[in-house]
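S.K.: Sharing a structure here in structure tokens format.
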Amino acid sequence: MAKTALEMGSNSEPIRLAVKDGLDRLRTILAQCIHEGQTQGEIATRHDAEMLADVLLNAWEGVLMRAQLNRDERPIEAFLTVTIDEFLKP
């Protein structure tokens, strides 16, 4: 989504707003899932669910860009390892 927002959003306000809305909705869903996991003891509670959703979504968009540019899955593997170990494990 970020790639679309950067490429198209600078030239079209409706596209920018549509991409922003999509990312905002994704962030809301992710925050709800994280909060539910925290409530059930499956996800660490040391970080606020909304903040964690922002960090994860922002990092994931960067990871996708790096993986595409590098034509390599290592950025995805590193993201998953660090995310699970540092942010999500209770």
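The values are calculated or read from the model by the stated rules, or taken from the named source; none is laboratory data. The model shown is predicted, which means the values in this text are computed figures rather than measured ones. Cβ placement follows ideal geometry from the backbone for every residue including glycine, while neighbour counts extend to all protein chains displayed.
S.K.: In segment 37-54, what residues are exposed (fewer than 13 other Cβ atoms within 10 Å of the Cβ) and within 24 Å of LEU23 (Cβ to Cβ)?
M.R.: MET51, the sole residue that qualifies.
S.K.: Filter segment 39-49 for residues that are in contact with a Leu (Cβ under 9 Å, 6 or more places away or on another chain) and assigned to a helix (DSSP H, G or I) and give the result.
M.R.: ALA49
S.K.: Considering (1) more than 20 Å from ASP85 (Cα to Cα); (2) modelled with pLDDT of 95 or more, say which one GLU36 fails and leave the rest.
M.R.: The single condition GLU36 does not satisfy is (1).
S.K.: So if I check each of GLU73, GLU86, which one is modelled with pLDDT of 90 or more and acidic (Asp, Glu)?
M.R.: Exactly one of GLU73, GLU86 is modelled with pLDDT of 90 or more and acidic (Asp, Glu), namely GLU73.
Conditions (1) touching a strand residue (DSSP E or B) at 6+ places or on another chain (Cβ under 9 Å); (2) on the phi > 0 side of the Ramachandran plot; (3) of a type outside the set (Val, Ile, Thr); (4) not in a helix (DSSP H, G or I), marked per residue:
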| position | (1), (2), (3), (4) |
| --- | --- |
| ILE15 | no, no, no, no |
| LYS20 | no, no, yes, no |
| ARG27 | no, no, yes, no |
| ILE34 | no, no, no, no |
| GLY37 | no, no, yes, no |
| LEU56 | no, no, yes, no |
| ARG66 | no, no, yes, no |
| PRO90 | no, no, yes, yes |
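S.K.: Within the set of pairs 6+ apart or on separate chains, which have a first residue in segment 66-90 that is among the aromatic types (Phe, Trp, Tyr), a second that is surrounded by 11 or more Cβ atoms within 10 Å (Cβ to Cβ), and C-beta atoms under 8 Å apart?
M.R.: These pairs meet every condition: PHE79/ALA59; PHE79/TRP60; PHE79/VAL63; PHE87/ALA44; PHE87/HIS47; PHE87/LEU52; PHE87/VAL55; PHE87/LEU56.
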